[in-house]
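Worksheet for the structure shown next.
Each value in this text was obtained by applying a stated rule to the coordinates, not by laboratory testing. Just so you know, these numbers come straight off a predicted model, no measurement behind them. Reconstructed Cβ throughout: ideal geometry from the backbone, glycine too, with neighbour counts over all protein chains shown.
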Ligand SMILES: [Zn+2]
Ligand SMILES: [Zn+2]
Ligand SMILES: [Zn+2]
Ligand SMILES: [Zn+2]
């Protein structure tokens, strides 16, 4: 259909979520257990498994934690953050059997396809294998950091044990709560320091010479480059070093009210399928506005809406006038159709066959409202009520 507004125009038709927020249908879920619309803000987000977005390797959460949520084999460009890819090159090396002769040897380096940064720019020697064996830079504070980490882990454990013990003590004083809020005594330390060290600001005296060092742009790293490796924070571009790729997570969503899954992806990161996917667009008719309607002051205008039925059964639609003001901004008097509409079920064959799409659909009075597949696969019929906000456009100026 031409002339219909595209998918991205999601500010035009908005549905009211159970939490009271107006959202586009593409951003909503439908819980099939409590029959309510849920948006991203009113569902529980759960981590299924961490995985590398480049090599798509799954990693158990404990292992990912141990590897600081980074992939062992994939690297990010320290200059722009794009993924680095290995490049082959041949190098002449002296033949150990015949010192006078040199033979070509295949070597590998990492290069960024986006900004053209290579490991050679960082002064990192090429490697003889494609998988690299790229060693990490040694953090000079690694021992100190691990000892601190150990110390805080012990503190956290002690605190956990204390909490368990306190569970049985009924009365809790506010003092105890305040103490527990300041986990490692850092708040008081910070407060003390703040008091001891007043902010140092100065004003210039008259005729005082101001020296400004102009940073040479090409050699100096930008803030995001510096912060991409927090341990080293290289000041010059020559010191940039590739960092291991951050892992991403596959997450599932749960209804906050009934705790049933609304979205659960397949475990394998290679798969783009879902075990459960209850997005609203698969269950609730999608409404689009046909553009072209002109609105003039105190004049009737016919507006054409199109409804698309996403389910395999016919869906009945009834229009109800909005009763009472639930925060909606109504700026026009609307005459909604009195008659019940029946939307034909989705027919996958018509997507591929143009002839069949021309078949006329006869309204079937025995048809039902939206049918949701329940867990035991029995079809059940439910009436869902949605509040919909349609932004039809602006009033035309008089005289136009
Ligand atoms: Zn919501
Ligand atoms: Zn990887
Ligand atoms: Zn790059
Ligand atoms: Zn629910």
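Order by neighbour count: 124, 25, 249, fewest other Cβ atoms within 10 Å first, most last.
249, 124, 25
Most exposed first by the Cβ proxy, i.e. fewest other Cβ within 10 Å, how do 44, 28, 149 rank?
On the way: 44 14, 28 24, 149 10.
If I rank by nearby Cβ atoms, fewest first, I get 149, 44, 28.
Could you list 383, 134, 22 so that the one with the fewest beta carbons within 10 Å of its beta carbon is first and the one with the most is last?
383, 22, 134
How are the Cα pair distances of the stretch 1-147 distributed, in percent, across 10 Å bins from 0?
Histogramming the stretch 1-147 at 10 Å steps yields 9, 20, 20, 20, 16, 9, 4, 2, 0 percent.
Where Rh denotes the Kirkwood radius from the mean inverse Cα pair distance, what is Rg over Rh for the stretch 47-92? Please report the intermediate quantities before stating the final value.
On the way: Rg = 13.8 Å, Rh = 12.4 Å.
That ratio equals 1.11.
Give me the Kirkwood hydrodynamic radius of the stretch 258-350 in Å, from all C-alpha pairs, to one decimal place?
Roughly 17.2 Å, rounded to one decimal.
Simple spin-label model, 7 Å along Cα-to-Cβ: residue 208 to residue 349 in nm?
Inter-label distance under the simple model: 8.6 nm.
For the stretch 278-319, take the convex hull of the Cα atoms, compute a quarter of its surface area, and give me that in nm², please. If you can, show how the numbers build up before the last one.
Numbers: hull surface 16.9 nm².
It is 4.2 nm².
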